[in-house]
Amino acid sequence: MTPAKTTAPGAAAPRQPQAPLLDVSGLKVDFISRAGRTQAVRDLSFTLEAGEVLCILGESGSGKSVTLRALMRLLPEGRSEIAGRVDFLGENVLTLPRRALNDLRGAGISMIFQEPMTALDPVYTIGDQIAETVMRHTGASREAAMARALELIELVRIPSPERRLRAYPHELSGGLRQRAMIAVALSCYPKLLLADEPTTALDATVQVQVLILLRQLQQDLGMGTIFVTHDLGVAAQIADKIAVMYAGRIVEYGSAEEVLLAPAHPYTRGMLASTVSGQPRDRDLEAIPGSPPDLRALPRGCAFAPRCPRATDLCQREEPGLTPSGAFGHLLCHHAQPSPRNPAPADRAPGELVAGQ
Amino acid sequence: MWVYAAKRVLYAIPIAIGVSVICFSLVYLAPGDPIQSLIPPDATAEDIETIRRLYGFDKPLVLQYLDWLARALTGDLGISLQSNRPVIDEVTRALGNTLAIAIAAILAAFVLATILGTLAAFNLGRPIDKIATSISTIGVSVPNYWMGIVLVILFAVQWRLLPATGMGGEGSEHFSWLQWDQARYAILPMVTMAMIPLGVVTRSTRSAVADTLSQDYVQLLRAKGLGEMQVVCHALRNALPQMLAVMGLQLGYLIGGSILIETVFNWPGTGLVMSRAILTRDIPLLQGTILVLALSFVAINLIVDLLQTVIDPRIKRA
């Protein structure tokens, strides 16, 4: 058991009779190269129930995509080290033998990648790429798998599905390719869908369409979903829970409402303040000064301290520990200001009262 | 697909015509008079003029070319000055002999190179990659006539396992890999020939597969739960057009440029015919051989181009 596990969700959430869909605790990812060790993800913990949507928010290099890949062990072996626990339906993915891991990938857990232009194999038809997954996990015949592929192409609402089944990726537009990738991901009804900025590479209008489609499919199929994005608007639309990442750690974790309406971490506040919507026209946008730290040489104290308006000597000296907050979440800050909606009403669990002090 | 194939074949025609012009004129760019080797030292000027007219050397070059082309199109490449036999017969028999070892060599090299290159690409920087890279470097850099001599010394002289040179009595007329008493003559030249393509194709396979493996879609393949063998299949199919292009060029070189190997092994193929034609100034034989070889080169590249479009649908747009 890691310290994160004992302090974070334990006190607040009532004990579930069943294991949650996904229980990540103390996740740590290091990249190893000749130049040294890069701590891409440090001490990450969160849980996800079936049908829930967790958004991981953060800027480039904060470790959100790495986290997602670590959950499926898709990082290059030999050049990365993953530690901690990733329990999917009670089983630790990180210790699964190779075969069992391959059985899980694409069936229990699926992934949608950011770049629809490059994530599909250019020399195989869309139908083949979907059918391949179906055949791999269900042992279906090629004909049956192709029939299933057609159903899936209809499910993700690609127009003229029969024709598109035989099309190659370069013959489709970006939006249609992303739909095709969603079809690949959904081919075996996964219980957990991992989406790595699935709308970032698309045109604005197409983004909305794909987002609506994903949201609907997620609800129809009851999939637990982790959605990595740097777009607060996207998070606001689809998230049940939000985890904000900075320099490889979750700095604020809680329900979407708590995090977006009553952000307690200075980084979350800064991020929300720098959005375009709801700002007066004639004023400059607020931006967080400075840039994210070099993960190979992290400062001794809080990684955000150099950019933080509230930083004190303590922040420079000592890295903050996890403080429980909200209904189940946690914060990573010496000076977290409980927002007006948060402070301890009578029905709060004792764990959060500590956070408010 | 068929439209593209037809277009591609049409494009090959001007190339073939260009090739024929170059073949024809190359011989005249070389110093010396082709007649010199035919005439006895004591021939009179009149005799020389007669011979010149007999072979058509007195006409303007353009006419000579058109005559030659018209006859070439009907399969008549003239008569060899030395052997007095039709050039077409000499060339086709030599080409058959060369193709027998060249195709075997390229296939062996391709299979081995695919395995080595793929293993290397999947294990970049590990010992297996270093071994494959060393093999490919050796294959490319060791002179093949030297390699041939070493093989002869080892297998024919020291161990007496295989014959040193020639095709055996029967082989020179109807060579067949299926008969051991003929095939054994072809093994050493074939192995020697395979060395350079092995090196070149291994290297290009390694880089093409490694390039494929760094693409995003390989992550998607792994995320779909596919095993390593299926990932290898995807990677190879993506790398194949590039590998085929290199292989086609190499086969072209083997068919045309094997003078040294065929000389070492005394293998009566195109290389040997060509060197004989050069040394004896047998112009019709030289022209005919070069033309047939150049056209084979064009044909091989045409086949490779068509295969590439079958494998990679994106090429069709070009």
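Step by step: first the residues of the range A:133-143, then only those that are farther than 14 Å from A:L186 by Cβ and open to solvent by 50 Å² or more (accessible area, probe 1.4 Å), then the one that is nearest to the other protein chains (Cβ to nearest Cβ). Which residue is that? Let's see the steps before the verdict.
The first filter runs over the range A:133-143 and keeps only residues farther than 14 Å from A:L186 by Cβ, leaving A:135-136, A:139-143.
Right, trim to open to solvent by 50 Å² or more (accessible area, probe 1.4 Å) and you get A:135-136, A:139, A:141-143.
Numbers: A:M135: 10, A:R136: 6, A:G139: 13, A:S141: 17, A:R142: 14, A:E143: 19 Å.
In this case the residue turns out to be A:R136.
As an exercise: evaluate A:A305 against (1) more than 19 Å from A:G61 (Cβ to Cβ); (2) of a type in the set (G, A, S); (3) open to solvent by less than 20 Å² (accessible area, probe 1.4 Å) and give the number of the one condition it does not meet.
A:A305 satisfies all of (1) more than 19 Å from A:G61 (Cβ to Cβ); (2) of a type in the set (G, A, S); (3) open to solvent by less than 20 Å² (accessible area, probe 1.4 Å) except (1).
Can you pull out the strands (runs of 3 or more DSSP E) entirely within the range A:1-70 that have at least 1 residues that are at pLDDT 80 or above and over 12 Å from the mean Cα position of the chain (by Cα)? Outline the logic, then answer.
On the way: elements: A:22-33, A:36-48, A:53-57.
Because the criterion is at least 1 residues that are at pLDDT 80 or above and over 12 Å from the mean Cα position of the chain (by Cα), the strands (runs of 3 or more DSSP E) in the range A:1-70 that meet it are A:22-33, A:36-48.
So that you can scan it fast, the table gives a plain yes or no per residue for (1) within 17 Å of A:A236 (Cα to Cα); (2) out of contact with any helix residue (DSSP H, G or I) (no Cβ under 9 Å at 6 or more places or on another chain):
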| site | (1), (2) |
| --- | --- |
| A:E258 | yes, yes |
| A:A262 | yes, yes |
| A:R269 | yes, yes |
| A:R281 | no, yes |
| A:L285 | no, no |
| A:G290 | no, no |
| A:L298 | no, yes |
| A:E318 | no, yes |
| A:L322 | no, no |
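Could you say which residue among A:I126, A:I130 is without any contact (Cβ under 8 Å) to a residue 60 or more places away in the chain, crowded, with 18+ Cβ neighbours inside 10 Å and at the interface with chain B (Cβ under 10 Å from one of its Cβ atoms)?
On the way: A:I126 fails: at the interface with chain B (Cβ under 10 Å from one of its Cβ atoms).
Unique residue meeting the criteria: A:I130.
Where in the range B:198-275 are there helices (runs of 4 or more DSSP H), lying fully within it, with 1 or more residues that are within 25 Å of A:Q178 (Cα to Cα) and within 12 Å of chain A (Cβ to nearest Cβ)?
Working: elements: B:216-223, B:228-256, B:259-265.
Of the helices (runs of 4 or more DSSP H) lying wholly inside the range B:198-275, those with at least 1 residues that are within 25 Å of A:Q178 (Cα to Cα) and within 12 Å of chain A (Cβ to nearest Cβ) span B:216-223, B:228-256.
Inspect the range A:41-56 for any residue being within 9 Å of chain B (Cβ to nearest Cβ), under 29 Å from A:L298 (Cα atoms) and either buried (at least 17 other Cβ atoms within 10 Å of the Cβ) or not hydroxyl-bearing (S, T, Y) (or both) and give the result as yes or no.
Applying the first criterion (within 9 Å of chain B (Cβ to nearest Cβ)) to the range A:41-56 yields none.
No, the range A:41-56 contains no residue that is within 9 Å of chain B (Cβ to nearest Cβ), under 29 Å from A:L298 (Cα atoms) and either buried (at least 17 other Cβ atoms within 10 Å of the Cβ) or not hydroxyl-bearing (S, T, Y) (or both).
A quick yes/no check of all residues on (1) under 18 Å from B:Q219 (Cα atoms); (2) touching a Gly at 6+ places or on another chain (Cβ under 6 Å); (3) within 13 Å of chain B (Cβ to nearest Cβ); (4) small (G, A, S):
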{"site": "A:L75", "(1), (2), (3), (4)": "yes, no, yes, no"}
{"site": "A:F88", "(1), (2), (3), (4)": "no, no, no, no"}
{"site": "A:T118", "(1), (2), (3), (4)": "yes, no, yes, no"}
{"site": "A:E151", "(1), (2), (3), (4)": "no, no, no, no"}
{"site": "A:S160", "(1), (2), (3), (4)": "no, no, no, yes"}
{"site": "A:A167", "(1), (2), (3), (4)": "no, no, yes, yes"}
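Restricting attention to the range B:145-154, report how many residues are surrounded by fewer than 18 Cβ atoms within 10 Å (Cβ to Cβ) and in contact (Cβ under 8 Å) with a residue 24 or more places away in the chain.
So the answer is 2.
Would a scan of the range A:185-198 turn up a residue that is closer than 30 Å to A:L22 by Cβ, outside any helix (DSSP H, G or I), more than 13 Å from chain B (Cβ to nearest Cβ) and in contact (Cβ under 8 Å) with a residue 12 or more places away in the chain? Spell out the reasoning first.
Residues of the range A:185-198 that are closer than 30 Å to A:L22 by Cβ, as a first pass: A:185-198.
Applying the additional criterion that residues be outside any helix (DSSP H, G or I) yields A:187-198.
Then keep just the ones that are more than 13 Å from chain B (Cβ to nearest Cβ); that gives A:189, A:191.
With the extra rule that they be in contact (Cβ under 8 Å) with a residue 12 or more places away in the chain, the set shrinks to A:189, A:191.
Yes, because at least one residue in the range A:185-198 is closer than 30 Å to A:L22 by Cβ, outside any helix (DSSP H, G or I), more than 13 Å from chain B (Cβ to nearest Cβ) and in contact (Cβ under 8 Å) with a residue 12 or more places away in the chain.
State yes or no: is A:G58 under 17 Å from A:A256 (Cα atoms) and among the small types (G, A, S)?
On the way: under 17 Å from A:A256 (Cα atoms): yes; among the small types (G, A, S): yes.
For A:G58, the condition - under 17 Å from A:A256 (Cα atoms) and among the small types (G, A, S) - is met.
Of everything in the range A:74-87, what is at pLDDT 90 or above and open to solvent by 50 Å² or more (accessible area, probe 1.4 Å)? Give them in sequence order.
Residues of the range A:74-87 that are at pLDDT 90 or above, as a first pass: A:74-75, A:80-87.
Scanning the range A:74-87 gives A:E81, A:I82, A:R85.
Inside the range B:109-120, can you point out the residues that are open to solvent by less than 10 Å² (accessible area, probe 1.4 Å) and more than 25 Å from the chain's Cα centre (by Cα)? Let's see the steps before the verdict.
The first filter runs over the range B:109-120 and keeps only residues open to solvent by less than 10 Å² (accessible area, probe 1.4 Å), leaving B:109, B:113, B:117, B:120.
Selection gives B:A120 alone.
The values are calculated or read from the model by the stated rules, or taken from the named source; none is laboratory data. Because the structure is a prediction, the values reported are computed rather than measured. Ideal geometry is used to build each Cβ from the backbone, glycine not excepted, and the neighbour counts take in all protein chains shown. Calculation scope for accessible area: heavy atoms of the full protein, side chains included, ligands and nucleic acids excluded. Shrake-Rupley method; radii C 1.70, N 1.55, O 1.52, S 1.80 Å.
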